[in-house]
1. Mean separation of Cα pairs under 8 Å and 6+ residues apart, divided by the residue count of the chain: what relative contact order is that in percent?
2. Determine one quarter of the surface area of the Cα convex hull of the stretch 404-495, which equals its mean projected area, and express it in nm² to one decimal.
3. So which of 668/773; 116/354; 397/626 end up more than 24 Å apart by C-alpha?
4. If I take R0 = 22 Å and measure r between the Cβ atoms of residue 105 and residue 142 in this structure, what FRET efficiency does the formula 1/(1 + (r/R0)^6) give, to the nearest 0.05?
5. Helix 740-750 versus the longest principal axis of the chain: what angle, 0 to 90°, nearest 10, using Cα atoms?
6. Mind pulling the angle between the C-alpha long axis of helix 538-548 and the longest principal axis of the chain? Nearest 10 degrees, somewhere in 0 to 90.
7. Tell me what the chain gives for mean residue ellipticity at 222 nm when only DSSP H runs of n ≥ 4 count, each as -39,500 (n - 2.57), the sum divided by the residue total, rounded to 500 deg cm²/dmol.
8. Can you tell me, using C-alpha contacts under 8 Å and at least 6 residues apart, the relative contact order of the stretch 511-584 as a whole percent?
Amino acid sequence: MNHTEVETPANLAIIGGGPFGLILSSVLAPKSQRVTLWLPDPREARRLQQERIGRVRGNPYRLHENVDIALDLKFLQEGQWALLIACPSRTFEEIAADAIRRLSSAGPHYLAVMTKGLASRSTRRKYGAATFHQYVDALLKEKERADIHSAVITGPSLLAEIYAQHYSFFNVGAHDQMTADVFRTLLHSETIHTADTRDCVGVEVGGLLKNPIAIACGMAELLPASGANLQGMILSQGFREMFRFGRAMGADPSTLMGMSGLADLIATAASPNSRNRSFGMQFVRRMMSEEEPGLMERIEALVRPTAVIEREVLASTELVEGAFSLEPVLELAAEHKIRMRLYQTIFDILSRRKPPEALAGLFVTRPMSLDTGRAMQLHNQSLSQAAGASFVALLRKRIYHSVSGQRGMSERIHRQAPNILKSLERRLERARRKKLRREIEAIPRELELWRRIEKAGPDTIRDAMEELIEYYADEIADNFRPAVRAALIRTIAPIRFMAGGMHGGAAIPYVEGEVESLKSMGARYNILYAPTHRSHLDSVEIALGLSWNGLPVPRYAAGINLMTQPFWAGILKAMGAYAVDRERIRNFLYLECLTGYSQMMLEAGIPSLVYPEGTRSRSGGICAIKTGLLSTAIDAYRSSGAEILIVPLALSYENVPEDREFAGVSEKSEMRDFVRGRTRCYMEVCAPIRVSHFIDREDPAQAIAGEIQSSWARRLKRLPNQVVARVICESEGEVAVSRLRDLCADFLQSRPANYLNRDASSTARQGLAMLKKRGVIKERSGAIVVTHPQMLRYYAEMAPATPEF
């Protein structure tokens, strides 16, 4: 895709300051001494002018040093300009007319349309222009501005991929080669590649019509009995309708089959980074969680469907143009006598006149309804209530065949026997010395089985291994009883409420994030929770928080050291805990049983939980992930072919019960620390991660680990005491109380994160009170005095350390 580089105007401008405008400014900035960025919202323009930090995909984005922020369009009155208009479609006509009116007479100027949309009904009547580019051309002709040269630009260029500096592609539609070369030169970089065509209609129509199809594919993602097959049918039907519409509008077939048509459609409809696809998924989630619409809402859907769609778009997390374009597309299709069944169905669904399953109704005679889907999901969920002990017989066979089928494994286990016997003898001696009842009773049986393996010959070792596998499987398996867990949760909550001071959050953690999304997806997919690990209370907080919010409650690993008494062992296993003995980490056979058990739970659709950090964080920060713990999800997906969702959970405690132990202030935590030490807990449910999206990576576990850590970092609730602790540490422990508010304000502004409170005064006041109550600091003569530096550093590690731009 070579092109001739030409001299571009010295003045470059982006009209529209949304995420795409911010990205464009960075693409253009190295090509010019100055780039001007104009935002329609004056307040946001002033903020960006002062702070130089915007938001892209929820992350802070620092403006390039060559970018200036304009508060109005007066800057266009002098010099020669290259303009790229990327404002919202609903404001395009007004903004484009104003920009053209203000452009100086000292041309030539170059203007590119990057906004995706169609002209309004009144504009179509007045100018006979259907597309935005046709409207611009009509304005230029009306104003006799032959010195302004126009173009339209589309192509496979997802915002998230440009942001990540992945290969992206733009197709420039222009009436002359000089205009095309100007914009190709401006946009071209190492990762952005360009092409050009004289078919302006094809470029614009192709770039516009793919968005509603992507919305439909997002909707289909959450429909009952829907998978890639249905989405393939939607793509096929959508492209046929898109092609017919484009041809009726005068588009060249080769354009629609190329970069601005088919390629852009596949990228937008298939990518998890697509805003239009994500909007379709968000819409169906809302429908599944909301009550039936009332009478007035049903009347509005019939009388003013576009207003309903607008409300849906504004309720989403990101502005998408695909929904706004549906009405004008259908109006033009009616004028050209083109039947567009898919686009009409998407319009009817978004305006609440049809249910989402109407999409499947285009291709099947009796589509399964969401309600039917729910019933089917409940039926499938019955297995998730089964006790792990009921799978033990199957687990034994599976592990035995796996181990005996691995070449050299029997010999390896036989060679390991002497070392394990020595380790078990030392553990038994220690247990007798410390009077550890469980180990005193259990270890002799394990010793007996390993002695059989040590003495076994080639003909008998497999029988000995089978007995040991049975022993380990019985020990590991949970004995889940739904009624027991429900009763315990109902009992524990009020006890915790009273013991914790009878305030909000004393009993149940505050749960936020992707709760509704997980409710809808959790009924269809197997779930592996991946929480941060801060305290022994984590599993309790997770069980209470998930249960109280109607989310799938997982089986979870519990250290076998917590099952010292038969009574407590029975309670924990009835709650869904399976036993893990960390002292056996070098025992091949035990690890095979443990990972096999976890994998079987996932394959059976039983929600599970692992702590990817492996152990509790003793520093207060996020620890490195041990990718081996994620291997069960990858193996389960490869074995069963069923999608598995890894759901990161980010836990934040005002007071971590073990904080004194971790900070070295006390030797070990006592029971009272867990009862009285914990105050409020916050749990953020992060966006689910699909194992299938990573399975073809060179190292899937490492790639998923990166996603988990990124989710934790974004969603972890940063609390006032953590912020204040960090501020004090960075001030070398010497802070006047009077300065604390200003220091917190600077901190909150410069280090974007998911803060509990963004008000500097409240953060300073609450954080100071929490640290004083915990005995970490005290006030003396208007100054903050640190009484426990180790605990201060421990809580400081929980706040963002450096700005992440």
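1. Dividing the mean separation by the residue count of the chain yields 8 percent.
2. 8.9
3. 116/354; 397/626
4. Efficiency computed from Cβ-Cβ geometry: 0.85.
5. 60
6. Long axis of 538-548 versus the principal axis of the chain: about 60 degrees.
7. For the chain, the value works out to -15500 deg cm²/dmol.
8. In percent, rounded to a whole number, it is 29.
The values are calculated or read from the model by the stated rules, or taken from the named source; none is laboratory data. It should be emphasised that the depicted structure is a prediction, and the values quoted were computed from it without experimental measurement. Note that each Cβ is placed from the backbone with ideal geometry, even for glycine, and that neighbours are counted across all protein chains shown. Heads up: the accessible areas ignore ligands, DNA and RNA and are worked out on the full protein's heavy atoms, side chains in. Shrake-Rupley method; radii C 1.70, N 1.55, O 1.52, S 1.80 Å.
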